[in-house]
1. Scan the stretch 66-108 residue by residue and report those that are buried (at least 23 other Cβ atoms within 10 Å of the Cβ) and more than 25 Å from Val129 (Cβ to Cβ).
2. Somewhere in the stretch 51-58, is a residue on the phi < 0 side of the Ramachandran plot and surrounded by fewer than 20 Cβ atoms within 10 Å (Cβ to Cβ)?
3. If we keep just the residues of the stretch 193-216 that are under 14 Å from the mean Cα position of the chain (by Cα) and touching a residue at least 60 places away in the same chain (Cβ under 8 Å), which is surrounded by the fewest Cβ atoms within 10 Å (Cβ to Cβ)?
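Derivation of every value follows stated rules applied to the coordinates shown; laboratory data play no part. Owing to the predicted nature of the structure, the values given are computational and were not obtained by experimental measurement. Every residue, glycine as well, gets a Cβ built from its backbone with ideal geometry; the counts of neighbours run over all protein chains shown.
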Amino acid sequence: MDQRTEDSSARPAVSVVIPVFNEQESIGPLLDELVPVIAALPSATSGREHEIVVVDDGSSDETPSILRRLAETTRGLRVLTLSPNAGQSAAFEAGFRAAGGEVLITIDGDGQNDPADIPRLLAALPGEVAVFGVRARRADPGIRKVAQRIANAVRNRLLGSRYQDVGCSLKAFRREVIADVTLYDGMHRFFPYIVEMRARRGVELDVSHRPRERGTSKYSPLGRGLPAFKDLWMVRRMRQRALRYTAVERPVARESLDRPIEEVSR
């Protein structure tokens, strides 16, 4: 058994999981911003280390070599490499399973999420199962904002719950609601609904959003529409058939505990 599962005090308090694909221009500057933010978190300053888990989803540019160099000089940085390129959902699943933190934070590798918002997410987490960022002033082209608005409305309608911006990658989860989840291709778009299905509704928090300054976006509203709609129906079916029950172990009468096992079994 993993020692971290036996002794919670040995766990990092926070693991930041970052999926990347061909982000050679963005990943270095992002980590330059992220590392000091993580180092300044209260648990880190009291001697409990945090970690950053970057999952390279089979990049074909210089991203792998950049990450290797950074891992040699950056305390708490871990790098996972997927082979072959398997998609963002696979990168998240691999990162969640490798991460040791009691709290798992997700952030995009393109630099559009601001690492400075992470302490605000953590401050909102006590008493909650998850905190989901909402890009209050989204710095994206108009077509992406319109596509996201339509997708959100359709998801909320068909899944029977209301979230403002499930497409924002900046999120904080308690480990128990996400670390062992089995994902399928495209399922990362439904994290708030999956958390609600497994535990209860998370809360939303306005966060910053920045224009992409480096690299090339891999997002295509037209290319993603039909697969995302098929995924939506799968998640809807999962929610309808989710198992919901409470298991209670009844106390055993004291006299039966004093009898030999052989006698009780007869």
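1. Leu67
2. No, every residue in the stretch 51-58 fails to be on the phi < 0 side of the Ramachandran plot and surrounded by fewer than 20 Cβ atoms within 10 Å (Cβ to Cβ).
3. Out of the qualifying residues, it is Val195.
This table checks each residue for (1) of a type in the set (Phe, Trp, Tyr); (2) under 27 Å from Ala86 (Cβ atoms); (3) part of a helix (DSSP H, G or I).
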site	(1), (2), (3)
Gly101	no, yes, no
Leu104	no, yes, no
Leu122	no, no, yes
Ala153	no, no, yes
Tyr163	yes, yes, no
Phe173	yes, yes, no
Asp180	no, yes, no
Tyr184	yes, yes, no
Met197	no, yes, yes
